[in-house]
Amino acid sequence: MNIFEEEQYRQAELNTRRQFLRKCISGMGGIALGSLMGSALTSCGSDSSSSGLVRSSDNPMGALPSHFLPKAKRVIYLHMAGAPSQLELFDYKPELQKLDGLDCPPSLLEGKRFAFIKGTPKMLGPQFNFAQHGQSGAWMSDRLPHLSSCVDDMTFLKAMHTNEFNHAPAQLLLQTGSARLGKPSMGSWVTYGLGSENQNLPGFMVLVSGGKTPSAGKSIWGSGFLPTVYQGVQCRSKGDPVLYLSDPKGMSKALREQSIQAINKLNQKQFEEIGDPEIMTRISQYEMAFKMQTSVPETMDIKDEPEYIHKMYGTQPGQSSFANNCLLARRLAEKGVRFIQLYHWGWDAHGAAKSEAINHGFKERCHEVDQPIAALLKDLKQRGLLDDTLVVWGGEFGRTPMRENRGGKEMKFVGRDHHLEAFTTWMAGGGIKPGMTYGETDEIGYYGIKDRVHVHDLQATILHQLGLNHEKLTYHFQGRDFRLTDVHGEVVKKIIA
């Protein structure tokens, strides 16, 4: 439906007999349902009284005060889709090296479920060399030479764990708090809770690289049952920054503005008659889309960055790459975007093919992200932005200390299977203690044995740094209050500065 058809549709919608009858029926139905559900209906679709939010209905993206004084104003979340191996990057296990090539003991297999391992796999030692770096002495593999210079600004969570060992549900659990579809993403919860400080850009923006979207699809930046104004807006570093944002062929900017104004007048009239908050979302989105025609191309054009910045990140203007997305993340942070989500696909190193092998595809992924992530941290720091920007890096689960043997046979390439019991996530800036390692896994990196952190704990901690109480940030839907962490989650207080 183009913008003219939209205008005609909204006009007809207000005037047809069918709509008149529908409004009468829905109004009577609403009265009846309201009597049955009481206050539940009145809070559904608006700010839940239990959340403590007071929001103007005509400005759903307006900035709101946090529950308490925040340490961070914004989040840059770097999700490595496919789950990189912690044993090849951060969790150094020399004892595992001694077991390399030996049969896996039955005690590690009994009662366990794996995605692909069958029979008795071989143990697999770390595939790369490790060394300690910085004053903190953090261990890091030689696959990340640039990032190793930043360890004193990073805090490692070595004993992360999750409930899901397949990509899509694990990504959903990490990003929405539930392994099932339909729940709002973390970025949606944050913009719902805090609004946006920039009225010309969305509060939640998403950048994807690596050639594919994550296994869970675009639902992991969806708004679920929250109003759609809080869903993530995907941008691109190549071509039109946002799809369908440009003026249609033959339409001037002035005519498009007049058309949007006409549609929004009809939407406003409909809202006054029905009171559905989703209509205000629609109005807000039309207005935002028009503002974005100017603000997004300006923000997404990295050609005006000085040459030393391009060298620092390894960026190439006009190309689609993780490096370009990291530089864009810094620019969006400068513009006040609240939640900036990057996904880089291709980390699923099973060893079933060269592109999935630890010694091939995995090495290439490391090379793609190492320099840009280090540049992002250093660039944020030199601009004074790292203090109030929380940077989070991680995948949806970890990898096994055993070599994958798909179908019970040793494969040509080296890889590891999915593993939910132990993986590494790191955080930097935004009020997190720098140069710290929290949590510990056993001698082979199979289980967390000290200070384990569940993905719900990570979510609670991220919200906490933004000044949001994860137990109070709720939305009333279908008769109950929902929250990002459901009924779980503990803030990891020991890593907070």
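The values are calculated or read from the model by the stated rules, or taken from the named source; none is laboratory data. In this text the structure is predicted, and so the values were computed from the model without any measurement. Please note: Cβ atoms are built from the backbone with ideal geometry, for glycine as well, and neighbour counts cover all protein chains shown. Each accessible area value is taken on the protein alone, full model and side chains, heavy atoms only, with ligands, DNA and RNA left out. Shrake-Rupley method; radii C 1.70, N 1.55, O 1.52, S 1.80 Å.
Looking across Leu380, Leu390, Leu386, one residue alone is open to solvent by 10 Å² or more (accessible area, probe 1.4 Å) and not hydroxyl-bearing (Ser, Thr, Tyr). It is Leu386.
Give the residues of segment 288-340 that are part of a helix (DSSP H, G or I), farther than 27 Å from Ile263 by Cβ and β-branched (Val, Ile, Thr), sorted by residue number. Residues satisfying the conditions are Ile302, Ile309. Within segment 107-129, if we keep just the residues that are in contact (Cβ under 8 Å) with a residue 12 or more places away in the chain and surrounded by fewer than 11 Cβ atoms within 10 Å (Cβ to Cβ), the residue that is farthest from Asp417 (Cα to Cα) turns out to be Asn129. Of all the numbered requirements in (1) closer than 23 Å to Phe165 by Cβ; (2) among the aliphatic types (A, V, I, L, M); (3) open to solvent by less than 10 Å² (accessible area, probe 1.4 Å), Met411 misses one, and that requirement is (3). Considering only residues in segment 259-285 that are under 24 Å from the mean Cα position of the chain (by Cα) and either outside any helix (DSSP H, G or I) or not β-branched (Val, Ile, Thr) (or both), the one that is surrounded by the fewest Cβ atoms within 10 Å (Cβ to Cβ) turns out to be Glu278. With the structure loaded, tell me whether Phe165 is touching a Phe, Trp or Tyr at 6+ places or on another chain (Cβ under 7 Å) and not in a strand (DSSP E or B) or whether it fails that test. In short, yes. Here Ser237 qualifies as open to solvent by 20 Å² or more (accessible area, probe 1.4 Å), modelled with pLDDT under 90 and within 19 Å of the chain's Cα centre (by Cα).
Listed conditions (1) of a type in the set (Val, Ile, Thr); (2) within 20 Å of Gln341 (Cα to Cα); (3) over 18 Å from the mean Cα position of the chain (by Cα) are all met by Thr437, apart from (2). Can you confirm whether Gly384 is free of Cβ contacts under 8 Å to residues at least 40 places away in the same chain, on the phi > 0 side of the Ramachandran plot and not aliphatic (A, V, I, L, M)? Taking the combined requirement at face value, the residue satisfies it. Does segment 435-451 contain at least one residue that is touching a Phe, Trp or Tyr at 6+ places or on another chain (Cβ under 6 Å) and surrounded by fewer than 17 Cβ atoms within 10 Å (Cβ to Cβ)? Yes, because at least one residue in segment 435-451 is touching a Phe, Trp or Tyr at 6+ places or on another chain (Cβ under 6 Å) and surrounded by fewer than 17 Cβ atoms within 10 Å (Cβ to Cβ). Take the conditions (1) out of contact with any Phe, Trp or Tyr (no Cβ under 9 Å at 6 or more places or on another chain); (2) aromatic (Phe, Trp, Tyr); (3) closer than 17 Å to Leu328 by Cα; Trp393 misses just one of them, which is (1). Take the residues of segment 461-484 that are out of contact with any Leu (no Cβ under 8 Å at 6 or more places or on another chain) and buried (at least 22 other Cβ atoms within 10 Å of the Cβ): which is nearest to Trp426 (Cα to Cα)? Residue satisfying both the conditions and the ranking: Thr461. Take the conditions (1) outside any helix (DSSP H, G or I); (2) at pLDDT 95 or above; Ser196 misses just one of them, which is (2). Segment 15-102 holds helices (runs of 4 or more DSSP H) entirely within its bounds, and those carrying 1 or more residues that are surrounded by fewer than 16 Cβ atoms within 10 Å (Cβ to Cβ) and at pLDDT below 95 map to 17-37, 39-43. Of the residues in segment 453-464, none is over 26 Å from Gly111 (Cβ atoms) and either assigned to a loop (DSSP other than H, G, I, E, B) or of a type in the set (Phe, Trp, Tyr) (or both). When only residues in segment 341-361 that are part of a strand (DSSP E or B) and in contact with a Gly (Cβ under 8 Å, 6 or more places away or on another chain) count, which is farthest from Gly407 (Cα to Cα)? Going through the qualifying residues, I end up with Gln341. Just one of the listed residues (Gly346, Gly361) is at pLDDT 95 or above, open to solvent by 10 Å² or more (accessible area, probe 1.4 Å) and touching a Lys or Arg at 6+ places or on another chain (Cβ under 9 Å), and it is Gly346. Residues in segment 192-215 that are closer than 24 Å to Phe322 by Cα and either among the polar types (S, T, N, Q) or without any contact (Cβ under 8 Å) to a residue 12 or more places away in the chain (or both): Ser209, Thr213, Ser215. Counting the residues of segment 374-424 that are assigned to a loop (DSSP other than H, G, I, E, B) and either among the charged types (D, E, K, R) or under 21 Å from Ile495 (Cβ atoms) (or both) gives 11.
Filtered by the rule that a residue be open to solvent by 40 Å² or more (accessible area, probe 1.4 Å) and at pLDDT 70 or above, segment 240-258 gives Lys249, Gly250, Ser252, Lys253, Ala254, Leu255, Glu257, Gln258. Being modelled with pLDDT under 75, among the polar types (S, T, N, Q) and surrounded by 14 or more Cβ atoms within 10 Å (Cβ to Cβ) is a description that does not apply to Ser188.
From the list Lys311, Lys303, Lys354, Lys335, the lone residue that is within 30 Å of Phe225 (Cβ to Cβ) and basic (Lys, Arg) is Lys335. One residue stands out in segment 300-319 among those that are within 17 Å of Ile340 (Cβ to Cβ) and touching an Asp or Glu at 6+ places or on another chain (Cβ under 9 Å): the one that is surrounded by the most Cβ atoms within 10 Å (Cβ to Cβ), namely Tyr313.
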